[in-house]
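Engineer: Once you've had a glance at the structure underneath, I'll fire off some questions.
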Amino acid sequence: MKNYPVRYSVFLSNPEAHLFEVHCSIEDPDPMGQKFSLPTWIPGSYLIREFAKHVVRIGALGNRRKLRMVKLDKNTWQVEPADGPVVVIMEVYAWDLSVRGAHFDTTHAFFNGPALFLQVHGHAETPVLVDIQPPKGTKYRNWRIATAMRRKGARPYGFGTYEAANYDELIDHPVEIGTFELATFKAAGVQHDVAVTGRHRGDLRRLVKDLKKLCETQIAFFGTPAPMDRYVFLITTVGDGYGGLEHRSSTALLCARNDLPQPNVVTASGGYRTLLGLASHEYFHTWNVKRIKPAAFTPYDLDRENYTTLLWAFEGFTSYYDDLLLVRAGLISHATYLDTLARNITSLLRLGGRKRQTIAESSFDAWIKYYRSDENTPNASVSYYLKGSLVALCLDLLIRAQTNGRKSLDHVMRGLWKRYGLTGIGVPEDGIEQVAEQITGLKLTRFFNQALHTTADLPLQKLLKTVGVEIRQRPARSGMDRRDQMSRKERQASRGVALGVRTGNDGGELKLSQVFTGSAAQKAGLAAGDIIIAIDGLRVTPDNVDAHLGRYRAGETIPVHAFRRDELLVLPVKLEAAKLDAWSLSVVGTSKETVRARKSWLGSA
Ligand SMILES: [Zn+2]
């Protein structure tokens with residue numbers, strides 16, 4: 001073991017208290033006193049999470065004697081100078097059942113490397129060994145391990161020794177330990193594992209069949225061979241939840257157990273479509289962000305925020321292709337795809353924040369805005385996922401139209417893969433634009449400037465027309481304006497008035513969660529957090545508010561009674577007509593050329 005100067009051991013020591021014990025041994029410590037630190041964030045999730053806050057005990061041993069250890073800042077420790085190997089022993093509390101943290105109880109263990117593995121300063125590039133020990137007790141005898149980390153002595157899915165080429169790789173292989181259900185398949189010759197944790201009655205055979213199609217489509221998209229020698233989907237099912245995090249050879253997904261395909265489903269719809277979309281998204285990241293990376297991430301600085309204006313490409317383009325590749329893989333129909341697209345367009349165009357923030361700014365400020373959303377987010381911010389995916393759509397359709405179908409965004413992605421993915425060179429801040437112009441031979445400066453650096457609306461209508469898709473506007477039928485849930489009489493009486501708010505059901509009370517800029521509610525002085533108890537002197541609840549509002553016409557002023565904290569307010573609200581703020585897409589173009597363009601974009605139906 002001489003060639004592994006840095007070694008880790010993970011002991012599942014105390015499941016009842018949710019404590020991992022982790023040892024980090026360094027053969028040849030810094031003679032000035034070895035420094036260690038834990039990451040403050042996990043790549044892929046742009047928020048300072050402070051993994052060090054879950055360290056409940058830390059100490060160091062050298063030459064069988066306790067060594068003095070000082071804490072230098074929130075996440076860095078230094079051990080006193082020692083003339084032989086040093087072992088740091090750390091206990092970590094793990095009670096975060098998200099895809100970004102660590103979770104450990106008597107039913108399973110899951111961890112991401114940044115939560116458990118100290119970075120040994122000066123050894124970022126040193127190959128490391130990891131020994132994972134089973135919990136003690138017969139009730140754990142069926143536990144096994146799912147991870148994409150390379151085995152070094154451990155049997156397949158077994159406890160024992162694993163290895164990683166460096167620290168960056170070490171923390172990029174999440175580990176699930178327990179009695180998960182396991183299924184496997186091959187895609188383009190690469191073994192894929194699917195490990196499902198949590199009680200469920202889903203049809204894993206169906207899931208595997210669909211994932212195989214999806215993975216083959218994506219590998220073919222970028223070109224063989226696939227960049228990983230194996231891949232692991234770590235899926236945790238819960239009553240209600242949603243989340244995913246990408247890694248170089250695996251992904252951790254959290255989903256509602258009902259999102260797994262139920263026996264005998266024919267088409268992917270509802271929750272299962274959502275799960276496939278999530279899997280598709282994280283899998284696409286295997287190329288786009290895990291290997292084609294912003295220069296700002298090469299290497300990651302795990303002590304602080306890493307700023308890039310490019311998340312519109314890494315998350316936005318990934319969000320565009322996640323659904324598009326589902327349709328090209330034949331997992332959803334053209335109609336379902338267009339419905340999803342219409343929903344995304346509606347979500348973007350309803351946001352006042354799209355007029356306040358560009359997606360370059362939204363990317364840069366992900367750390368303090370996207371990841372820390374609040375009641376004002378829809379008024380002040382735009383999502384680089386959502387707008388980024390529609391920028392990708394526009395760019396794709398623009399390239400297709402201007403090159404008569406000879407080139408597309410697919411070619412640009414493959415160009416990025418060749419130039420940056422295969423070489424490991426980081427993408428400079430203007431790198432996407434450069435490659436797009438080189439690959440297509442088009443002048444795209446105007447498009448990019450407008451899409452990325454202004455808040456002007458995207459030319460969706462014009463570009464969708466090139467593939468024979470029409471975009472239509474209609475009044476909203478959801479939110480506070482659920483006109484479709486009223487009786488016909490109520491609907492006829494309704495002139496479609498709106499307050500311009502998003503509401504929630506707070507224990508049976510009608511609570512405003514967001515108040516949109518310029519809306520009737522905002523003009524009247526209503527605010528997020530207010531509980532509305534009566535409109536025009538009559539009690540309202542989350543269930544009856546739409547029908548209630550439906551009796552009024554735009555222009556009428558009515559009193560609204562609301563509690564702000566414990567103070568009762570009576571505010572006159574001048575009702576406004578509901579905006580035309582829902583969009584739908586339909587196929588209209590049937591000329592030979594349009595049909596060909598549409599098929600080349602979506603794949604044959
Ligand atoms: Zn993503």
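Engineer: Identify, from the list L254, L302, L278, L260, the residue that is touching a His at 6+ places or on another chain (Cβ under 8 Å) and not hydroxyl-bearing (S, T, Y).
Structural biologist: Just one listed residue meets the conditions, L260.
Engineer: Please report, ordered by residue number, the strands (runs of 3 or more DSSP E) entirely within the stretch 1-106 with at least 2 residues that are without any contact (Cβ under 8 Å) to a residue 60 or more places away in the chain and under 22 Å from P135 (Cβ atoms). Walk me through how you get there before you give the answer.
Structural biologist: Working: elements: 6-14, 19-26, 35-37, 55-62, 65-67, 69-73, 76-79, 86-93, 102-104.
In the stretch 1-106, 55-62 are the strands (runs of 3 or more DSSP E) which contain 2 or more residues that are without any contact (Cβ under 8 Å) to a residue 60 or more places away in the chain and under 22 Å from P135 (Cβ atoms).
Engineer: Taking only pairs six or more apart or across chains, which ones have beta-carbon atoms under 7 Å, a first residue in the stretch 194-205 that is among the polar types (S, T, N, Q), and a second residue that is assigned to a loop (DSSP other than H, G, I, E, B)?
Structural biologist: T197/F180
Engineer: A195 passes all but one of (1) farther than 21 Å from L97 by Cβ; (2) in contact with a Leu (Cβ under 7 Å, 6 or more places away or on another chain); (3) part of a strand (DSSP E or B); which number fails?
Structural biologist: (1)
Engineer: I'm checking my understanding of the structure. Among residues of the stretch 562-580 that are in contact with a Pro (Cβ under 6 Å, 6 or more places away or on another chain) and not in a strand (DSSP E or B), which one is surrounded by the fewest Cβ atoms within 10 Å (Cβ to Cβ)?
Structural biologist: Checked the stretch 562-580; the qualifying residue surrounded by the fewest Cβ atoms within 10 Å (Cβ to Cβ) is L580.
Engineer: Assuming S269 fulfils every condition listed in (1) within 17 Å of E282 (Cα to Cα); (2) modelled with pLDDT under 95; (3) of a type outside the set (D, E) apart from one, which condition is it?
Structural biologist: Every condition holds for S269 apart from (1).
Engineer: Just to be sure before I move on: is L452 farther than 28 Å from T224 by Cα and either in contact with a helix residue (DSSP H, G or I) (Cβ under 6 Å, 6 or more places away or on another chain) or at pLDDT 95 or above (or both) in the structure I sent? Show your work before the answer.
Structural biologist: Values: farther than 28 Å from T224 by Cα: yes; either in contact with a helix residue (DSSP H, G or I) (Cβ under 6 Å, 6 or more places away or on another chain) or at pLDDT 95 or above (or both): yes.
Criteria met by L452.
Engineer: Do we have any residue at all in the stretch 477-489 that's modelled with pLDDT of 95 or more, touching an Asp or Glu at 6+ places or on another chain (Cβ under 8 Å) and assigned to a helix (DSSP H, G or I)?
Structural biologist: We begin by selecting, within the stretch 477-489, every residue modelled with pLDDT of 95 or more; these are none.
Taking every residue of the stretch 477-489 in turn, none turns out to be modelled with pLDDT of 95 or more, touching an Asp or Glu at 6+ places or on another chain (Cβ under 8 Å) and assigned to a helix (DSSP H, G or I).
Engineer: Related question: Out of all the residues in the stretch 308-326, which are within 10 Å of S280 (Cβ to Cβ) and more than 12 Å from the chain's Cα centre (by Cα)?
Structural biologist: Passing the criteria: Y321, D323, L324, L325, L326.
Engineer: Just to verify a result, which residue in the stretch 548-605, among those that are touching a residue at least 12 places away in the same chain (Cβ under 8 Å) and among the polar types (S, T, N, Q), is farthest from L341 (Cα to Cα)?
Structural biologist: Going through the qualifying residues, I end up with T557.
Engineer: Please state which one of L526, L585, L602, L549 is of a type outside the set (F, W, Y), buried (at least 17 other Cβ atoms within 10 Å of the Cβ), touching a Leu at 6+ places or on another chain (Cβ under 8 Å) and modelled with pLDDT under 95. Walk me through it before giving the result.
Structural biologist: Details: L526 fails: modelled with pLDDT under 95; L585 fails: modelled with pLDDT under 95; L602 fails: modelled with pLDDT under 95.
Exactly one residue qualifies, and that residue is L549.
Engineer: Please find, among I42, I26, I48, the residue that is within 16 Å of the ligand (Cβ to nearest atom) and either at pLDDT below 95 or of a type in the set (A, V, I, L, M) (or both). Let's see the steps before the verdict.
Structural biologist: Working: I26 fails: within 16 Å of the ligand (Cβ to nearest atom); I48 fails: within 16 Å of the ligand (Cβ to nearest atom).
Answer to the check: I42.
The values are calculated or read from the model by the stated rules, or taken from the named source; none is laboratory data. What you see is a predicted model, and the numbers here were worked out from it, not measured in a lab. Positions of Cβ are backbone-derived with ideal geometry, glycine not excepted, and every protein chain shown enters the neighbour counts.
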